[in-house]
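Worksheet: one structure, shown below.
Values quoted throughout were computed directly from the atomic coordinates according to the rules given, and no laboratory measurement underlies them. Source: prediction; values computed, not measured. Methodologically, a virtual Cβ is constructed for each residue, glycine included, from the backbone with ideal geometry; neighbour enumeration extends over all protein chains shown.
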Amino acid sequence: MSAPAKFLFDLDFAAPTKAKLEPTISPADHEAALAAAEQRGYQKGLVAAEAQARTQAERQTAAAFDRIAAAMGIVAAQLPTVTTKIEADAVEVAAAIARKLAPTLIAAQPFAEIGEMMSGCLRELLSAPHVVVRVNEDLYDLARERLTEMARARGFEGRLVVLGEAEIAPGDCRIEWADGGLVRDHAATEAAIDEAVGRYVDARRGDKA
């Protein structure tokens, strides 16, 4: 019987074991992969930044509208007071302008208001026996001529008397007849207007005080 064959190991266990190598990619592919990853990261960051910016803008817009609404509420609450003040100021300005203009207009046409007033009276006094008109003495000649022509044109058949008096201001007059009369007194009229304006302005401002 033959002897069994010896098992011979052809491996050297003392020799270092070689590490198993993993598959690798080329540098170009590696750079491309990095670039793609960076691009994806950039896109994600951009989307996140845009979303954050939109959210912030929406919040700022909402806050701005809240401030506008609050400001409009304040304006609306103050509007009646402002309107009242404007109205009162406008009345005062109009009255002041009238006070400035009236003397100039009277000086330019001192007979105009007298003639207008007399014209209205003659329509109601055609049957009166006599009418007396008192004017400023400097207007006597002009008033006598104009009023005589006016009475004749209106068909007044009574006696017209025109008198010039120093105490009557230019542009003022007094028209008298048997049972009545009218007075045009610019100073008294201006004082009455000023008083009425003052009462109106005080009342308007007092309502909002």
Could the peptides 64-73, 181-190 be put in order, highest first, of the mean number of other beta-carbon atoms found within 10 Å of their residues?
181-190, 64-73
What full-extension length gain, to one decimal in nm, is calculated for Leu163 and Arg67 as 0.36 nm per residue of separation minus the Cα-Cα distance?
27.3 nm
In whole percent, what relative contact order does the stretch 110-207 give with Cα contacts below 8 Å and a gap of six or more residues?
32 percent
By the mean-Cβ-within-10 Å protection proxy, highest first, 166-178, 117-129 rank as 166-178, 117-129
